[in-house]
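A short worksheet on the structure shown next.
The values are calculated or read from the model by the stated rules, or taken from the named source; none is laboratory data. The structure presented is a predicted model; accordingly, all values stated were derived computationally and were not measured. Neighbour counts are summed over all protein chains in view; Cβ atoms, including those assigned to glycine, are modelled from backbone coordinates with ideal geometry.
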Amino acid sequence: MRVAAGAAGFLLSLTAIPISYLLNKLSAMDSPMVVFATGAGVLLGLLLVLYLLVIGRPPTDPLFYAFAVFSFTSVIDLIISLEQDGYINGFMGFYMKEGEPYLRTAYGILICYWDGTVHYALYLMMIAAITLRWRYRSVGLYWLGSIIMSLVTLLLGTVVGKFGTEIRPAFLLNVPYVLIPIWAGKKIYRMPRALPQVMAEQVAAEQRKWLYRRPLDVCFIIYLLFAAAYILFKGFIALECSFDICDSYAYDQEPYLLDPVMYAKIQVLVNMFYLVPFFGLALYGLIEPGCEWMPDLTVVFAGAIAQAQFSYVGASLHPRTSFTYRIPQEIVPSFLYTNIFFAVGAQLLAFRCVTCSNFFLKGMPRNTEEMEKKVN
């Protein structure tokens with residue numbers, strides 16, 4: 001029965017394909033209010049159908065329903081991105097016209113690609129974990145960082161950018177995607193951590209090591225310093241710093257920062273105000289032993305940085321971005337190397353903190369008996 005609930009969530013997500021095709025054929029979908037009402041009705045209808053499908057033995061975790069509905073919208077987003085890039089046709093044209101026209105931008109398309117692939121995979125993983133009663137705390141935290149980063153950039157960029165005058169009622173359909181991740185994030189964070197099978201002596205031995213005896217952490221510290229400087233520099237450009245080096249970099253290296261669509265500028269500012277403090281905390285956590293928050297924090301920000309870099313880099317090279325604001329062809333290799341290094345570094349840091357967490361632990365049991373008491 002638990003497996004059947006997971007299968008129901010997966011199959012429900014695939015109904016996005018026929019539903020979007022049928023709605024696109026309806027002549028009534030030429031009104032913004034009708035599109036909004038239809039979108040809200042479809043989401044509520046899916047929730048009801050899902051409830052009826054699993055009514056015999058519903059999952060104990062209410063996040064199952066949220067992830068199942070979100071997986072449906074992930075398939076919708078994948079359809080949007082594929083249609084906007086010309087791979088398919090006849091599915092979501094009505095929504096691009098009277099729903100959320102800003103998704104036709106390069107940044108909107110890349111965000112839809114991410115939601116339709118990475119987020120979709122994460123939803124299916126979490127649905128499977130819930131139905132099989134497995135742990136999914138780290139996967140959930142990674143998803144949380146990713147979806148919050150995408151929403152903050154998309155919604156702020158839409159309001160303050162050139163599409164601010166084209167906001168339709170369907171913009172309100174994003175409200176659940178703001179509120180539900182906050183609720184889900186609190187529940188996921190409160191889930192019990194997986195307790196490593198180590199003793200206090202092992203933890204103490206690791207935490208007594210000076211920094212020079214931890215060469216991997218030295219590499220991560222260098223990465224964090226580079227990443228903070230890189231983000232601050234681009235943030236100054238977004239804030240229209242008057243230094244010649246900022247103007248030169250913006251016009252010759254990354255003209256996408258000057259795009260009036262504004263998603264690039266908002267992304268860089270969000271990075272500056274949120275990622276730079278994280279880099280500072282991560283530096284402290286790699287130097288000072290016993291920072292138990294490090295594994296969780298690095299996982300959340302790994303998801304945020306991965307999403308941000310995918311969307312930013314992809315949109316800056318996408319044909320939908322005006323040629324004037326696209327990355328110059330001769331700069332593309334160095335631009336890709338720098339941004340891939342920035343994104344991958346965050347993923348490796350999170351992996352190190354989660355899989356080799358002895359340095360960040362405190363209050364570990366001194367013997368097997370204390371270990372059993374702590375676990376139970």
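Inside region 51-70, can you point out the residues that are assigned to a helix (DSSP H, G or I), touching a residue at least 24 places away in the same chain (Cβ under 8 Å) and within 25 Å of the chain's Cα centre (by Cα)? Step through it out loud before you land on a result.
Residues of region 51-70 assigned to a helix (DSSP H, G or I): 51-53, 63-70.
Pick out the ones that are also touching a residue at least 24 places away in the same chain (Cβ under 8 Å) and you get 53, 63-64, 66-70.
Passing the criteria: Leu63, Phe64, Ala66, Phe67, Ala68, Val69, Phe70.
When the residues of region 348-373 are filtered to those that are at pLDDT below 85, under 33 Å from the mean Cα position of the chain (by Cα) and loosely packed, with under 13 Cβ neighbours inside 10 Å, which remaining residue is farthest from Gly285 (Cα to Cα)?
So the residue we want is Gly363.
Please specify each residue of region 90-144 satisfying the condition of being out of contact with any Asp or Glu (no Cβ under 7 Å at 6 or more places or on another chain) and among the β-branched types (Val, Ile, Thr).
Within region 90-144, Thr105, Ile111, Thr117, Val118, Ile127, Thr131, Val139 meet the criteria.
Is region 168-190 home to any residue that is under 17 Å from Ala66 (Cα atoms), among the small types (Gly, Ala, Ser), surrounded by 14 or more Cβ atoms within 10 Å (Cβ to Cβ) and not assigned by TED's automatic domain parsing to the domain that holds Asp30? Walk me through how you get there before you give the answer.
First, pick out the residues of region 168-190 that are under 17 Å from Ala66 (Cα atoms): 173-189.
Next cut, among the small types (Gly, Ala, Ser) only: 184-185.
Then drop every residue that is not surrounded by 14 or more Cβ atoms within 10 Å (Cβ to Cβ), which leaves 184-185.
Applying the additional criterion that residues be not assigned by TED's automatic domain parsing to the domain that holds Asp30 yields 184-185.
Yes, that holds for at least one residue.
Could you check region 161-191 and list, in sequence order, the residues that are over 20 Å from Cys112 (Cβ atoms) and either at pLDDT 90 or above or touching a Lys or Arg at 6+ places or on another chain (Cβ under 8 Å) (or both)?
Narrowing region 161-191 to residues over 20 Å from Cys112 (Cβ atoms): 165, 179, 182-191.
Answer for region 161-191, where residues must be over 20 Å from Cys112 (Cβ atoms) and either at pLDDT 90 or above or touching a Lys or Arg at 6+ places or on another chain (Cβ under 8 Å) (or both): Leu179, Ile182, Trp183, Ala184, Gly185, Lys186, Lys187, Ile188, Tyr189, Arg190, Met191.
Filter region 283-300 down to the residues that are over 21 Å from the mean Cα position of the chain (by Cα) and assigned to a loop (DSSP other than H, G, I, E, B), then identify the one that is modelled with the lowest pLDDT. Steps first, please.
Taking region 283-300 as the starting set, the residues that turn out to be over 21 Å from the mean Cα position of the chain (by Cα) are 283-292.
This time we only want the ones that are assigned to a loop (DSSP other than H, G, I, E, B), so: 288-292.
Details: Glu288: 90, Pro289: 90, Gly290: 86, Cys291: 90, Glu292: 91.
Residue satisfying both the conditions and the ranking: Gly290.
Given the residues Gly280, Gly303, which is the only one that is in contact (Cβ under 8 Å) with a residue 40 or more places away in the chain, over 15 Å from the mean Cα position of the chain (by Cα) and either surrounded by 14 or more Cβ atoms within 10 Å (Cβ to Cβ) or part of a helix (DSSP H, G or I) (or both)?
Numbers: Gly303 fails: over 15 Å from the mean Cα position of the chain (by Cα).
Selected residue: Gly280, the only one of Gly280, Gly303 that is in contact (Cβ under 8 Å) with a residue 40 or more places away in the chain, over 15 Å from the mean Cα position of the chain (by Cα) and either surrounded by 14 or more Cβ atoms within 10 Å (Cβ to Cβ) or part of a helix (DSSP H, G or I) (or both).
Return yes or no: is Ala264 under 21 Å from the mean Cα position of the chain (by Cα), surrounded by 19 or more Cβ atoms within 10 Å (Cβ to Cβ) and assigned by TED's automatic domain parsing to the domain that holds Val354? Quick ask: steps written out before the conclusion?
Details: under 21 Å from the mean Cα position of the chain (by Cα): yes; surrounded by 19 or more Cβ atoms within 10 Å (Cβ to Cβ): yes; assigned by TED's automatic domain parsing to the domain that holds Val354: yes.
When the stated conditions are applied, Ala264 passes them.
Pick from Ile88, Ile80: which is β-branched (Val, Ile, Thr), farther than 22 Å from Arg133 by Cα and free of Cβ contacts under 8 Å to residues at least 24 places away in the same chain? If you could, list the steps in order and put the result at the bottom.
Numbers: Ile80 fails: free of Cβ contacts under 8 Å to residues at least 24 places away in the same chain.
None of the other options fit; the residue is Ile88.
With within 26 Å of Thr105 (Cβ to Cβ) and in contact (Cβ under 8 Å) with a residue 12 or more places away in the chain as the only criterion, which of Phe359, Phe310, Phe323 stands out?
So the residue among Phe359, Phe310, Phe323 that is within 26 Å of Thr105 (Cβ to Cβ) and in contact (Cβ under 8 Å) with a residue 12 or more places away in the chain is Phe310.
When you scan region 11-22, do you find a residue that is at pLDDT 90 or above, in a helix (DSSP H, G or I) and over 28 Å from the mean Cα position of the chain (by Cα), even just one? Give the derivation first.
From region 11-22, those at pLDDT 90 or above are 11-22; that's our starting set.
This time we only want the ones that are in a helix (DSSP H, G or I), so: 11-14, 16-22.
Add one more test, that the residue is over 28 Å from the mean Cα position of the chain (by Cα), and what stays is 22.
The answer is yes, given that some residue of region 11-22 is at pLDDT 90 or above, in a helix (DSSP H, G or I) and over 28 Å from the mean Cα position of the chain (by Cα).
Checking Ala28 against (1) in a helix (DSSP H, G or I); (2) at pLDDT below 90; (3) under 23 Å from Arg137 (Cβ atoms): exactly one of these is not met. Which one?
(3) is the only condition that Ala28 fails.
Checking the condition at pLDDT below 95 and not in a helix (DSSP H, G or I), which residue from Ser248, Ser242 passes?
Values: Ser248 fails: not in a helix (DSSP H, G or I).
None of the others qualify; the one that does is Ser242.
Report yes if Met272 is buried (at least 22 other Cβ atoms within 10 Å of the Cβ) and of a type outside the set (Val, Ile, Thr), otherwise no. Step through it out loud before you land on a result.
Values: buried (at least 22 other Cβ atoms within 10 Å of the Cβ): no; of a type outside the set (Val, Ile, Thr): yes.
Judged against the criteria, Met272 is not a match.
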